[in-house]
1. Once both axes come from the Cα atoms, what is the angle between helix B:236-261 and the longest principal axis of chain B, in degrees from 0 to 90, rounded to 10?
2. Please list, by residue number, everything in segment A:163-180 whose backbone N is under 18 Å from a paramagnetic label point 7 Å out along Cα→Cβ of A:Leu118.
3. Which values, in whole Å and largest first, are the semi-axes of the equivalent ellipsoid of segment B:103-244 obtained as the square root of 5 times each eigenvalue of the Cα gyration tensor?
4. How would you rank A:Arg81, A:Arg67, A:Arg251, going from fewest to most other Cβ atoms within 10 Å of each one's own Cβ?
5. Just how many % of Cα pairs in the protein assembly as shown lie over 40 Å apart, if you round to the nearest whole percent?
6. Subtracting the Cα-Cα distance from 0.36 nm times the residue separation, let me have the gained length for A:Arg145 to A:Arg244 in nm, one decimal.
7. Using a Gaussian network model of chain B whose springs link C-alpha atoms within less than 10 Å, name the residue from B:Pro73, B:Pro263, B:Pro221 with the highest mean-square fluctuation.
8. Angle between the Cα long axis of helix B:91-103 and the longest principal axis of chain B, 0 to 90 degrees, nearest 10?
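Laboratory data are not the source of any read-out in this text; all were calculated from the coordinates shown. What you see is a predicted model; the values in this text were computed from it and never measured. Quick reminder, even Gly has a Cβ in these numbers, built from the backbone with ideal geometry, and neighbours come from all protein chains shown.
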Amino acid sequence: MSSITSPVARRPAPTRGGALSLSGVGKTHRLAEGELEVLRDVHLSVAPGEFVSVVGASGCGKSTLLRLIAGLDNAYAGEIRLDDERILSPSLDRGLVFQDHRLFPWMTVEQNVAAALLKRRLGREAKRKLVAENLALVGLTGFERAYPHQLSGGMAQRAAIARALVNEPKVLLLDEPFGALDALTRLKLQEELLALRRRTNATVLLVTHDVEEALFLSDRVVVLQPRPGRIAQILTVGASARERTSPAFGRLKEELLAALMAGPSPAPLDLARRRQASSAAGGGVG
Amino acid sequence: MSFSAQSGPAMTGSHPSFRLPRLGGLKALILPVLLFLTWDLLARRDVGHGMIFVSLADLGRALVEAVRSGDLPRNVGVSLLRVAFGLVVGGALGVLLGAAMALSRPLDRLLGPVLHALRQVPTLGWIPLLGLWFGYGETPKLLIAAKAAMFPLLLNAYEGLKGAKAIHLEAGRVLGFGGWDLFWRVRLPSALPMLLTGLQQAMAFTWIACIGVEILFGAGPGIGSMIEHGQIQGRMDTVLLGVVFVGLIAYAITALSNRLIAPALRWRELKEAS
């Protein structure tokens, strides 16, 4: 073995998360019938390594917000910066995981993760190693050659997470990543996400409609109000509130649900149904 | 369902390897054998007075003679070469045109109507025109073969490349793919099943078109011409031999194309099955 080790020969030092800042971000869709304002004047700063969740009713613009940060759409008002650099296009600095895993069905798990390294100037061996490491990180060792359709929903989502992490992004963007999974798998992957976060130090921005998920995972929770999407409230989650069974968790959940339902838009009937649903299910307001 | 079953790796069942359409062992042979035996019986009873039915023995003699004289290999070879030309030239043109039209709206608008109109003219409809233009030599036969190969590939390339899913293109953009990467890594693999279906159709159509044009033009070598000559000379054994070989080669082409295509579509196995 030569004394010169390639950068990936040893596990790289944990990357520093990036600082994300949104100022006056607005987005208007131009439709045939007119204009639809989706986001208005969103200000948000996310510190390096911080885990922030964005919750809101469906249609509140939370996914749009994530798309803007991902750089998939640069026709927006205001500014989004990552470590002082304006975001106008996708970059490997930002990893994105969607609700549907969006793995390429014609590639194996291994090839899917390697596809994220296509634009990286690394040797074949270095890439292979990175892929293997990240598959190990999400517990998919042994499934390198499987095709996405051969995986369960949870495994496919883990592969998608490995694909998003393989470039060691400064920011990990998660768009309802566990929304399509069954309850048990979701809990399991939430635990794994916390563990991953401790190991990677990436800044994480999670969009979800699951209030408990947001509280369990985040340092702060941003409540988005719909039509147009605006920040209604930002809650800070203390360490004690992480425990799902703790009184602090319950209190924050109440507060969060109240903030969600304070929005002016839902019709009274709709609101009543939500309240019923939330008390019955004990969370997960859509 | 237990928690461990959830968290543990769970491949969704064993996946059977792709089954090719095969002869199905001996079962598939029953019908052809019965057919030949009936044929032979009718020939021996002299139904049709030797003109319509030829005995298997006569057919066998004709085969040996045709192989020994080199006529059969030459005719089959020439026909296959025409098919190969059609597939390479017409197929390439079809894929290029289909791709260009799928990726460029102006080109689609410009070429689409003309090509779709041309496509509607059956192969037989081109024969008088091509005969007048190019005579009865090799050129019209090659043109017909190329035309037969071009359209299935054009249509499938067009549909396939247009059919790339927005979610996959977006996933590619997130991974930093540029236009070329998106085409090469996302659009093309998405289109591959349709392209291969197009290739399969093109192989079958080109063979049929090639035999057809050979029969109609008659002149020169080729298995279609051989059948035509057999008819003119009243040689039922030659005609029958030609027909049998046309069928056998068509079968071989299908089997070959299936075999070539299956490995490229391994990622679709379960989707197809379920």
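1. Approximately 10 degrees, to the nearest ten.
2. A:163-168
3. 41, 17, 10
4. Ordered by Cβ neighbours within 10 Å, fewest first: A:Arg251, A:Arg81, A:Arg67.
5. The answer is 46 percent, as a whole percent.
6. 31.9 nm
7. B:Pro263
8. Approximately 30 degrees, to the nearest 10.
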